[in-house]
Amino acid sequence: MTTPAAHPSLVLCEVGESGIPHLESVSPFCLKVHRALKYLGLPYARRHGIPVSFKKYHPTGQVPVLLIGEHEAVGDSTDILARLESLAGRTYLEPRDARLAGEATLWEEYADSALSGFLVSARWADERNWPRLRDKVFTGVPAPLRGLTGGLVRNVIVRRLVARDVWRAGPEECWRRFEQQLDALEARAPEEGFWLGPFSVADLALFAQLFSLRQEFTPWQSDQISTRSRLSRYVDRVDAATRGP
């Protein structure tokens, strides 16, 4: 890939290191931006902190936030990818064909909303996985308070999942729907190349959620993806294409 022309300095504001090889962030939205930057060959620095610490740069108080030069901050992974497109100096992430570009945007939205709901449920609501995530996320909290602190945060997140209808009918229905979605993705996954042919934001968004579900925090969900061989091979191809040097 051709190295982009000179560009302003880039700083990615995000949560801390995952501690897992090749998983740049436990946040799939930060992961999505990491892999876009690497795919585009754009050098960047990292700034870690809790999400609200970056509210001065973006009013949502969420990560990722990309600082561009001294005067520009872009929040939301979708907006960041769109901005990176212009920084790269040519079309890398959006297909030139308008129909494919529209479809890429729809797949990105599907990944960022539907698949994200399953990932959050797997980490925070699934009783099988919650202890792993609690010990990872709240490792700095003294052991006697870890369960209480984690439980309070978990309750808030689960209530939001119920409000989104992801968890309203309970775990059995959630994971039945998850398997249905994986079957549909397995049937759609390309045997070679990328989701729409040319590499696009669809690949970055789908990869970020599916790769995050294939981690040690969520072993049952990881196994479900692994049994879908076409989908697994597709995730591996995007991983290889976006790891960078």
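Out of all the residues in segment 101-119, is one or more in contact with a Cys (Cβ under 9 Å, 6 or more places away or on another chain) and not assigned by TED's automatic domain parsing to the domain that holds L37? Don't jump to the end; show me each part of the working.
Residues of segment 101-119 that are in contact with a Cys (Cβ under 9 Å, 6 or more places away or on another chain), as a first pass: 117-118.
Remaining after also requiring not assigned by TED's automatic domain parsing to the domain that holds L37: 117-118.
Yes, some residue in segment 101-119 is in contact with a Cys (Cβ under 9 Å, 6 or more places away or on another chain) and not assigned by TED's automatic domain parsing to the domain that holds L37.
Answer yes or no as to whether A169 is assigned to a loop (DSSP other than H, G, I, E, B), surrounded by 12 or more Cβ atoms within 10 Å (Cβ to Cβ) and at pLDDT 95 or above. First the steps, then the outcome.
On the way: assigned to a loop (DSSP other than H, G, I, E, B): yes; surrounded by 12 or more Cβ atoms within 10 Å (Cβ to Cβ): yes; at pLDDT 95 or above: yes.
Yes: the conditions hold for A169.
Conditions: (1) modelled with pLDDT of 90 or more; (2) surrounded by fewer than 17 Cβ atoms within 10 Å (Cβ to Cβ). K55 meets all but one. Number of the miss?
(1)
Within segment 52-69, which residues are closer than 19 Å to R83 by Cα and aliphatic (A, V, I, L, M)?
Passing the criteria: V63, V65, L66, L67, I68.
To keep it simple, each residue is scored yes or no on (1) farther than 19 Å from G16 by Cα; (2) over 19 Å from the mean Cα position of the chain (by Cα); (3) among the hydroxyl-bearing types (S, T, Y); (4) in a helix (DSSP H, G or I).
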| position | (1), (2), (3), (4) |
| --- | --- |
| R123 | no, no, no, yes |
| P131 | yes, yes, no, yes |
| L145 | yes, yes, no, yes |
| L148 | yes, yes, no, yes |
| I157 | yes, no, no, yes |
| V162 | yes, yes, no, yes |
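Filter segment 201-230 down to the residues that are of a type in the set (D, E) and crowded, with 16+ Cβ neighbours inside 10 Å and list them by number.
Keep residues of segment 201-230 that are of a type in the set (D, E), which gives 203, 216, 223.
If the condition is that a residue be of a type in the set (D, E) and crowded, with 16+ Cβ neighbours inside 10 Å, then D203 is the only one that fits.
Would you be able to tell me the number of residues in segment 7-41 that are closer than 21 Å to R237 by Cβ and either more than 14 Å from the chain's Cα centre (by Cα) or assigned to a strand (DSSP E or B) (or both)?
The qualifying residues number 7.
If I filter segment 182-200 for residues that are free of Cβ contacts under 8 Å to residues at least 40 places away in the same chain and surrounded by 15 or more Cβ atoms within 10 Å (Cβ to Cβ), do I get at least one hit?
Within segment 182-200, not a single residue is free of Cβ contacts under 8 Å to residues at least 40 places away in the same chain and surrounded by 15 or more Cβ atoms within 10 Å (Cβ to Cβ).
Restricting segment 178-200 to residues that are over 14 Å from Q221 (Cα atoms) and not in a loop (DSSP other than H, G, I, E, B), which is modelled with the lowest pLDDT? Don't jump to the end; show me each part of the working.
From segment 178-200, those over 14 Å from Q221 (Cα atoms) are 184-200; that's our starting set.
Imposing the further condition that a residue be not in a loop (DSSP other than H, G, I, E, B) reduces the set to 184-188, 194, 197.
Working: A184: 98, L185: 98, E186: 98, A187: 98, R188: 98, F194: 97, G197: 93.
Within segment 178-200, the match that is modelled with the lowest pLDDT is G197.
Considering only residues that are touching a residue at least 40 places away in the same chain (Cβ under 8 Å) and on the phi < 0 side of the Ramachandran plot, look in segment 58-69 and name the one that is surrounded by the fewest Cβ atoms within 10 Å (Cβ to Cβ).
Filtering segment 58-69 for residues touching a residue at least 40 places away in the same chain (Cβ under 8 Å) gives 63-69.
Now restrict to residues that are on the phi < 0 side of the Ramachandran plot: 63-68.
Values: V63: 28, P64: 24, V65: 26, L66: 28, L67: 21, I68: 18.
Among those residues, the one meeting the criterion is I68.
State which residue pairs qualify: first residue closer than 10 Å to A125 by Cβ and assigned by TED's automatic domain parsing to the domain that holds A122 and inside segment 146-164, second residue assigned to a helix (DSSP H, G or I) and at pLDDT 95 or above in any location, beta carbons under 6 Å apart, and separation of 6 or more residues or different chains.
The qualifying pairs are R154/W124; I157/W124; V158/A125; L161/S121; L161/A125.
Could you check how many residues of segment 201-226 are more than 16 Å from the chain's Cα centre (by Cα) and touching a residue at least 60 places away in the same chain (Cβ under 8 Å)?
Counting residues in segment 201-226 that are more than 16 Å from the chain's Cα centre (by Cα) and touching a residue at least 60 places away in the same chain (Cβ under 8 Å) gives 2.
The values are calculated or read from the model by the stated rules, or taken from the named source; none is laboratory data. What you see is a predicted model; the values in this text were computed from it and never measured. When we count neighbours, we look across all protein chains shown, and the Cβ atoms used for this are built from the backbone with ideal geometry, even at glycine.
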